[in-house]
Amino acid sequence: SDFLQHLLALVHPDRLLRDATATGAGIRVAVVDSGIDRALISEKHGRTMAIEGAVFVPHNQEPLPYNGTASAPHGTTVADIILSIAPNVALYSADVFGPGGGSEAVEKVDLGVHHRQVGGKPRHEAL
């Protein structure tokens with residue numbers, strides 16, 4: 001039908017990736033991965049990036065502070081891809097693979113996001 005064709009044209013990847021108004025401004029993206037290397041991302045994108053974050057570890061009630069580094073390069077690569085598509089998003093680095101991280105740390109991030117969605121108090125203010 002004409003409506004379906006119109007709808008498919010609106011969400012076509014070429015249109016979305018080439019839309020000059022789709023900059024990500026006003027959007028916050030959490031990279032739940034190995035953290036984001038703030039200096040590397042800032043250098044690559046030619047501006048200082050104000051990235052908030054935390055390091056989530058098992059058996060700690062509160063996350064550790066984010067110091068602008070990553071525990072492995074993968075999260076930085078993911079952030080780079082996001083910024084290549086939407087250069088004005090606000091990034092949040094949720095390092096779940098840092099010191100002793102893993103599936104338990106991911107569960108803590110999930111719980112914090114869930115609380116935020118249903119209006120409860122998140123585990124970390126930046127979530």
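The values are calculated or read from the model by the stated rules, or taken from the named source; none is laboratory data. Computed from a predicted structure; not experimentally measured. Positions of Cβ are backbone-derived with ideal geometry, glycine not excepted, and every protein chain shown enters the neighbour counts. Note: accessible area is taken over every heavy atom of the protein model, side chains too, but ligands, DNA and RNA are not part of it. Shrake-Rupley method; radii C 1.70, N 1.55, O 1.52, S 1.80 Å.
Any residue at all in region 2-22 that is at pLDDT below 90, among the aromatic types (Phe, Trp, Tyr) and surrounded by 14 or more Cβ atoms within 10 Å (Cβ to Cβ)?
No, region 2-22 has no match at all.
Might you check whether a residue that is within 12 Å of Ala86 (Cβ to Cβ) and within 13 Å of the chain's Cα centre (by Cα) occurs anywhere in region 6-22?
Checked region 6-22: no residue is within 12 Å of Ala86 (Cβ to Cβ) and within 13 Å of the chain's Cα centre (by Cα).
Would you check if there is a residue in region 44-61 being surrounded by fewer than 16 Cβ atoms within 10 Å (Cβ to Cβ), modelled with pLDDT under 95 and touching a Phe, Trp or Tyr at 6+ places or on another chain (Cβ under 8 Å)?
So far as region 44-61 goes, no, none of its residues is surrounded by fewer than 16 Cβ atoms within 10 Å (Cβ to Cβ), modelled with pLDDT under 95 and touching a Phe, Trp or Tyr at 6+ places or on another chain (Cβ under 8 Å).
Which condition number in (1) open to solvent by less than 40 Å² (accessible area, probe 1.4 Å); (2) in contact with a Leu (Cβ under 9 Å, 6 or more places away or on another chain) is the one that Ile85 fails?
Single failed check for Ile85: (1).
Out of (1) farther than 12 Å from Gly98 by Cβ; (2) touching a strand residue (DSSP E or B) at 6+ places or on another chain (Cβ under 8 Å), the odd one out for Val55 is which?
Going through (1) farther than 12 Å from Gly98 by Cβ; (2) touching a strand residue (DSSP E or B) at 6+ places or on another chain (Cβ under 8 Å) one by one, Val55 breaks only (1).
For region 19-45, enumerate the residues that are under 13 Å from Pro73 (Cβ atoms) and part of a loop (DSSP other than H, G, I, E, B).
Ser34, Gly35, Ile36, Asp37
Residue pairs, Cβ under 9 Å, 6 or more apart or interchain, first in region 67-93 and free of Cβ contacts under 8 Å to residues at least 24 places away in the same chain, second open to solvent by 40 Å² or more (accessible area, probe 1.4 Å). List them.
If the second residue must be open to solvent by 40 Å² or more (accessible area, probe 1.4 Å), the pairs left are Asn67/Arg38; Ser84/His45.
Hey, among the residues in region 79-97 that are assigned to a helix (DSSP H, G or I) and of a type outside the set (Gly, Ala, Ser), which one's farthest from His59 (Cα to Cα)?
Ranking the qualifying residues of region 79-97, first place goes to Ile85.
Which number in (1) open to solvent by less than 80 Å² (accessible area, probe 1.4 Å); (2) out of contact with any His (no Cβ under 9 Å at 6 or more places or on another chain) marks the one condition that Ser34 misses?
With (1) open to solvent by less than 80 Å² (accessible area, probe 1.4 Å); (2) out of contact with any His (no Cβ under 9 Å at 6 or more places or on another chain) applied to Ser34, the lone miss is (2).
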